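Below is one structure; the comments refer to it alone.
The values are calculated or read from the model by the stated rules, or taken from the named source; none is laboratory data. The structure presented is a predicted model; accordingly, all values stated were derived computationally and were not measured. When we count neighbours, we look across all protein chains shown, and the Cβ atoms used for this are built from the backbone with ideal geometry, even at glycine.
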Amino acid sequence: MTENQEPTDILVIGAGASGAAAAWRLAQGGFRVVCLEQGRWHRPEDYPATKPDWQLRARDEWSFDPNVRQKPEDYPVNDSASDITPLMFNAVGGSTIHWTAHTPRFHPSDFRVRSLDGVAADWPLAYEDLEPYYDLNDESMGCSGIAGDPANPERKKRPMPPLPLGPDGTRMAQAFDRLGWHWWPSDSYINSTSYRGRAACNNCGPNGLGCARKAKGSTDVTYWPEAMELGVEVRTRCRVSEITTDESGSVTGAAYFDRDGNQQHQSARAVVVACNGVGTPRMLLHSTSDRHPSGLANSSGMVGKNLMFHPYAMVTGIFHEQMHTYRGALGNILMCQEFYETNPKRDFVRGYAYQMNRSTGPVATAMGFAMPGVIWGQQHHDEFAERFGKSVLLAVIAEDLPELHNEVALDKKLRDSHGIPAPLIRYKTSSNSRKMLDHGIRNARKVLEEAGAHTVAANPLLRPGGWHLMGTARMGEDPATSVVDEWGQAHDADNLFVVDGSVFVTAAAVNPTPTIQALALRTADYIRERRPDLKA
Amino acid sequence: MPTKDGKLTEADRKVLVAAMDRLIPAVDDLPGAGSMDLAPEAERIARRIPRFHLALIKALDALSLDMSAHAYGGFRALPGEEQDAALKGVEHALPSVFAQFLELVYIVYYSDERVHNRIGWRSGPLQPAGFELEPFDESILETTRKREPFWRRVPTSTNEHPQQTR
């Protein structure tokens, strides 16, 4: 192993949503920051939407699933013991290159589920603590949306107006209105107008495949250019094998394989881990030492435990009218939070939301994303014509609750291309989630039929739906039951910080990235204001 | 039957064409997927992507091994209904293989410009043209805007009781 790099103040591991936000904020504060990223830079002009064979690319090299992509920068994931397949993207920008950029916030109640509903645990911070960081992140990433949503607290004006609903969204909105149910246009990190030198969206459709116009706020086009202007060094195709510590248990840096496969070491005064809710526990569990025999920061035994996804049920409605439902952003139309909060009359605790989704072109229509594919044979063309441009999908996004048996562990056999143990996922959907999803399916059917759907089909649990990886290094006040404190600082090592979805105490029923990024910005401010010892 | 190194023989290619014609039959002025000469594209993709290659080889293998088909001169010589029955047999016996074989056929068919013209899809890359982005019409918010805030209030201290503004 070679120590041929200058020591740095802060070493950030992972260049995705949270690593980018933290690095940018720390560099603003004058810290020297190096970021190690196992993936590479992608050029937006090379994204699938610029290629005629984009539909094939979406199902192969641009799949959400690393086990399908099998790129050199991906690590394998053993999900054979999981109800849900974890999804991620390894690159500068991380999964924000792949995401739909749907960006709702947690509710104030999401931070107090133990106090309010007697389940899980309260967060060691409140909505109000995060609110300024949500606002800052909205500015940095570029938020389209509109004020006045009665389901959420008032908040600052979004930088851009909402994306249009389109004929399909309008139809669904009117149906929600007739049922007396809440809906609101989605907050999106997609430009509805040009913003900070990035173009407005042009409605091409599959925004889950990277955005060639840079209209979508992925961190490779938002935080990273500014962070690098401030002096942050992003070192790509560098895979960290372990975080290193000294005899006292303090973190000293990280060992990694560089792009040529050589082992290197980067020294740092502090390490910020931003590898997502699967990658982070994997790395901590693999970073053992005499002082941390069961893994770094794992004296509580909570590293890898309490894995949460958002279990999704997908309910598809098919309409007679041609609405060109392949036009427009995939999942950024509207959200319904009518059933978000606990209602004692229901047989489950906590709640769920609906996120409306569109379809994405002829191949996806034929394959049937959330319902069985179009039948082959003599009836094929009739069934395809019935669906194409006429299907609307309501995703039921259920709040998952933390359970110890749902976990990320190290696989004893499976390893990545550098010999590092792969993550093993053990996850079973809870009975509470199942009841919640079933309730959501029943109500989705009502609203789709109210909107005029002649056929409604439900997928009760989307297996390839593990976009949101949370809970595996959770924050809390008690070192016996949590891994990090409210600032993301490890209880066991005061110069180790975690800033990704691992730190979530509970999952809420919304897409997590704005909350992940707000937490990362808050951690960075903590380091800036209270840890001057970490700056040379 | 494919050779040991996984390459398709000419006989395999003819079976593939026949199978594709049954999976996606002729419509309007378009012949079936096989007769549209899409089998070479399926083979090209399969050579590049291992999971499709495996599915293609196994599916063709299974169709070739169908003894009833052999008795009458192979899959290609069967009447259409019996070809469908043979395909259904593979679908039943090897569901995962068949699903990926079908995915491959759907990909090549629905990536073809002639099919796009028929179904009214603009062929080629999605960018840079995209589609028009109309401004958001706020009038549709009228109903929801009338509703009182109903998000659940949270106590700011432990002495307060939570309330839901519903």
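With respect to being within 11 Å of another protein chain (Cβ to nearest Cβ) and in a helix (DSSP H, G or I), A:PRO167 fits the description. Taking the criterion of being among the polar types (S, T, N, Q), touching a helix residue (DSSP H, G or I) at 6+ places or on another chain (Cβ under 8 Å) and over 23 Å from A:PRO76 (Cα atoms), the only residue of region A:269-315 that qualifies is A:ASN298.
Just one of the listed residues (A:ALA329, A:ALA353) is within 10 Å of chain B (Cβ to nearest Cβ), of a type in the set (A, V, I, L, M) and surrounded by 20 or more Cβ atoms within 10 Å (Cβ to Cβ), and it is A:ALA329.
Tell me which residues, restricted to region B:144-166, are surrounded by 10 or more Cβ atoms within 10 Å (Cβ to Cβ) and either over 46 Å from the mean Cα position of the chain (by Cα) or modelled with pLDDT under 95 (or both).
Within region B:144-166, B:ARG153, B:VAL154, B:PRO155, B:THR156, B:GLU160, B:PRO162, B:GLN163, B:GLN164, B:THR165, B:ARG166 qualify.
With respect to the conditions (1) within 11 Å of another protein chain (Cβ to nearest Cβ); (2) more than 18 Å from the chain's Cα centre (by Cα), A:ASP129 falls short on a single one, namely (1). Considering region A:50-69, and only residues there that are at the interface with chain B (Cβ under 10 Å from one of its Cβ atoms) and in contact with a Lys or Arg (Cβ under 9 Å, 6 or more places away or on another chain), the residue that is farthest from A:LEU424 (Cα to Cα) turns out to be A:LYS51.
Condition check ((1) closer than 19 Å to A:TYR427 by Cβ; (2) in contact with a strand residue (DSSP E or B) (Cβ under 8 Å, 6 or more places away or on another chain); (3) without any contact (Cβ under 8 Å) to a residue 12 or more places away in the chain) across all residues:
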position	(1), (2), (3)
A:ARG474	yes, yes, no
A:ALA490	no, yes, no
A:ALA493	no, yes, no
A:ALA509	yes, yes, no
A:ARG522	no, no, no
A:ASP525	no, no, no
A:ARG528	no, no, no
A:ASP533	no, yes, no
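A single member of A:GLY253, A:GLY249 is away from chain B (no Cβ under 14 Å), out of contact with any helix residue (DSSP H, G or I) (no Cβ under 9 Å at 6 or more places or on another chain) and part of a loop (DSSP other than H, G, I, E, B), and it is A:GLY249. With respect to (1) in a loop (DSSP other than H, G, I, E, B); (2) in contact with a helix residue (DSSP H, G or I) (Cβ under 6 Å, 6 or more places away or on another chain), the lone exception for A:ASP177 is condition (1). Scanning region A:392-405 for residues that are crowded, with 21+ Cβ neighbours inside 10 Å and more than 14 Å from chain B (Cβ to nearest Cβ) gives A:VAL392, A:LEU393, A:LEU394, A:ALA395, A:VAL396, A:ILE397, A:ALA398, A:ASP400, A:LEU401, A:PRO402.
The strands (runs of 3 or more DSSP E) found wholly in region A:1-110 and carrying at least 1 residues that are touching a helix residue (DSSP H, G or I) at 6+ places or on another chain (Cβ under 7 Å) occupy A:8-13, A:33-36. Taken across region B:131-143, residues that are surrounded by 19 or more Cβ atoms within 10 Å (Cβ to Cβ), in contact with an Asp or Glu (Cβ under 8 Å, 6 or more places away or on another chain), within 8 Å of another protein chain (Cβ to nearest Cβ) and at pLDDT 95 or above do not occur at all. Only residues that are outside any loop (DSSP other than H, G, I, E, B) and more than 10 Å from chain B (Cβ to nearest Cβ) were counted across region A:111-125, and they come to 2.
Taken as a whole, the structure leaves A:VAL408 outside the set of residues that are more than 25 Å from A:GLN38 (Cβ to Cβ) and away from every other protein chain (no Cβ under 14 Å).
I'm checking my understanding of the structure. Among residues of region A:132-157 that are more than 21 Å from the chain's Cα centre (by Cα) and over 30 Å from A:ASP485 (Cα atoms), which one is surrounded by the most Cβ atoms within 10 Å (Cβ to Cβ)? Explain how you work it out, then say what you get.
First, the residues of region A:132-157 that are more than 21 Å from the chain's Cα centre (by Cα): A:146-151, A:153-157.
Filter once more, keeping what is over 30 Å from A:ASP485 (Cα atoms): A:146-150, A:157.
On the way: A:ILE146: 16, A:ALA147: 10, A:GLY148: 13, A:ASP149: 24, A:PRO150: 17, A:LYS157: 12.
The extreme case among them is A:ASP149.
Number of residues in region A:205-240 that are out of contact with any Phe, Trp or Tyr (no Cβ under 6 Å at 6 or more places or on another chain) and part of a strand (DSSP E or B): the value is 4.
With respect to the conditions (1) in contact (Cβ under 8 Å) with a residue 60 or more places away in the chain; (2) more than 30 Å from A:ARG171 (Cβ to Cβ); (3) within 14 Å of another protein chain (Cβ to nearest Cβ), A:GLN378 falls short on a single one, namely (1). Considering the conditions (1) part of a loop (DSSP other than H, G, I, E, B); (2) in contact (Cβ under 8 Å) with a residue 40 or more places away in the chain, A:ASN202 is excluded by exactly one of them, (2).
Here is a yes/no grid of residues against (1) more than 10 Å from chain B (Cβ to nearest Cβ); (2) within 22 Å of A:ASP168 (Cβ to Cβ); (3) modelled with pLDDT under 95:
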site: A:GLY205; (1), (2), (3): no, yes, yes
site: A:ALA212; (1), (2), (3): no, no, no
site: A:GLY217; (1), (2), (3): yes, no, no
site: A:ASP220; (1), (2), (3): yes, no, no
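Run down A:ALA444, A:ALA453, A:ALA458 and say which single residue is under 28 Å from A:ALA175 (Cα atoms) and part of a strand (DSSP E or B).
Numbers: A:ALA444 fails: part of a strand (DSSP E or B); A:ALA453 fails: part of a strand (DSSP E or B).
A:ALA458 is the lone residue from the list that is under 28 Å from A:ALA175 (Cα atoms) and part of a strand (DSSP E or B).
Considering only region A:510-517, I want to know if a residue exists there that is at pLDDT 95 or above, surrounded by fewer than 24 Cβ atoms within 10 Å (Cβ to Cβ) and not basic (Lys, Arg). Among the residues of region A:510-517, not one is at pLDDT 95 or above, surrounded by fewer than 24 Cβ atoms within 10 Å (Cβ to Cβ) and not basic (Lys, Arg), which makes the answer no.
Which of the residues belonging to region A:340-355 are among the hydrophobic types (A, V, I, L, M, F, W, C) and either under 22 Å from the mean Cα position of the chain (by Cα) or at pLDDT below 95 (or both)?
So the first thing to find is which residues in region A:340-355 are among the hydrophobic types (A, V, I, L, M, F, W, C), and the list is A:348-349, A:353.
Listed by number, the list holds a single entry, A:ALA353.
Of the residues that make up region A:308-326, is at least one surrounded by fewer than 23 Cβ atoms within 10 Å (Cβ to Cβ), within 14 Å of chain B (Cβ to nearest Cβ) and touching an Asp or Glu at 6+ places or on another chain (Cβ under 9 Å)? Yes, there is a match, as at least one residue in region A:308-326 is surrounded by fewer than 23 Cβ atoms within 10 Å (Cβ to Cβ), within 14 Å of chain B (Cβ to nearest Cβ) and touching an Asp or Glu at 6+ places or on another chain (Cβ under 9 Å). A single member of A:HIS102, A:HIS98 is away from chain B (no Cβ under 14 Å) and modelled with pLDDT under 95, and it is A:HIS98. Scanning region A:254-280 for residues being within 16 Å of A:PHE504 (Cα to Cα) and among the small types (Gly, Ala, Ser) gives a total of 3.
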